[in-house]
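Enquirer: I'd like to ask you about the structure that follows.
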Amino acid sequence: MLVAAAVCPCPPLLVPEVASGAAPELDAARAACTDALGVLAASRPDRLVLVGPADAAGPVVHPQGAR
């Protein structure tokens with residue numbers, strides 16, 4: 001059962017070095033994403049699913065506490 005969700009932009013917008021000229025304007029978005037994911041993780045879910053672009057084919061499992 002889905003109990004909570006957060007929608008954040010793809011990493012190019014969240015990584016200051018990649019966002020280059022737009023980096024300062026995106027500080028609030030980065031902070032909001034960090035807060036939203038922190039709230040989700042703090043709820044100690046049985047499973048936390050992240051969906052986004054990746055190089056790997058299929059699901060990737062990250063160890064507990066991975067950033």
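Enquirer: Restricting attention to the chain, give the cysteines that have no other cysteine Cβ less than 4.7 angstrom from their Cβ.
Expert: For the chain, the answer is Cys10, because their Cβ atoms have no other cysteine Cβ under 4.7 Å.
Enquirer: Helix-derived [θ] at 222 nm for the chain: sum -39500 (n - 2.57) over DSSP H runs of at least 4, divide by residue count, nearest 500?
Expert: Working: 3 runs with 24 residues, N = 67.
After summing the helix terms and dividing by residue count, I get -9500 deg cm²/dmol.
Enquirer: Further question on the same structure: Using 1/(1 + (r/R0)^6) with R0 = 25 angstrom and r between the beta carbons of Ala57 and Cys8, what's the FRET efficiency to the nearest 0.05?
Expert: 0.60
Enquirer: Still on this model: Across the stretch 5-11, in residue order, what do the Karplus-derived ³J(HN,Hα) couplings come to in whole Hz, using 6.51 cos²θ - 1.76 cosθ + 1.60 with θ = phi - 60° and x for Gly and Pro?
Expert: Per residue, the Karplus-derived 3J(HN,Hα) values read 8, 9, 10, 10, x, 4, x Hz.
Enquirer: Could you tell me the accessible area of Val61 in Å² (1.4 Å probe, neighbours in place), rounded to the nearest ten?
Expert: Val61 has an accessible surface of roughly 140 Å² with all protein chains in place.
Enquirer: Skip the ligands, DNA and RNA, and give the accessible area per residue of the chain with a 1.4 Å probe, whole Å².
Expert: Per residue, the chain has 88 Å² of solvent-accessible surface.
Enquirer: Reported to two decimal places, what Rg/Rh ratio describes the chain when computed on Cα atoms with Rh from the Kirkwood expression?
Expert: 0.99
Enquirer: Expressed as a whole percentage, what fraction of the accessible surface of the chain belongs to carbon and sulfur atoms when a 1.4 Å probe is rolled over the protein heavy atoms?
Expert: The computed percentage sits at 62.
Enquirer: Another question, then. For the chain, with a Gaussian network of springs between Cα atoms less than 10 Å apart, report the residue from Ala57, Ala23, Ala36 with the top mean-square fluctuation.
Expert: Ala57
The values are calculated or read from the model by the stated rules, or taken from the named source; none is laboratory data. Everything numeric in this text was worked out from a predicted model, so none of it was measured. So basically every Cβ, Gly included, is an ideal-geometry build from the backbone, and we count neighbours across all protein chains shown. Please note that ligands, DNA and RNA were not included when accessible areas were found on the heavy atoms of the full protein model with its side chains. Shrake-Rupley method; radii C 1.70, N 1.55, O 1.52, S 1.80 Å.
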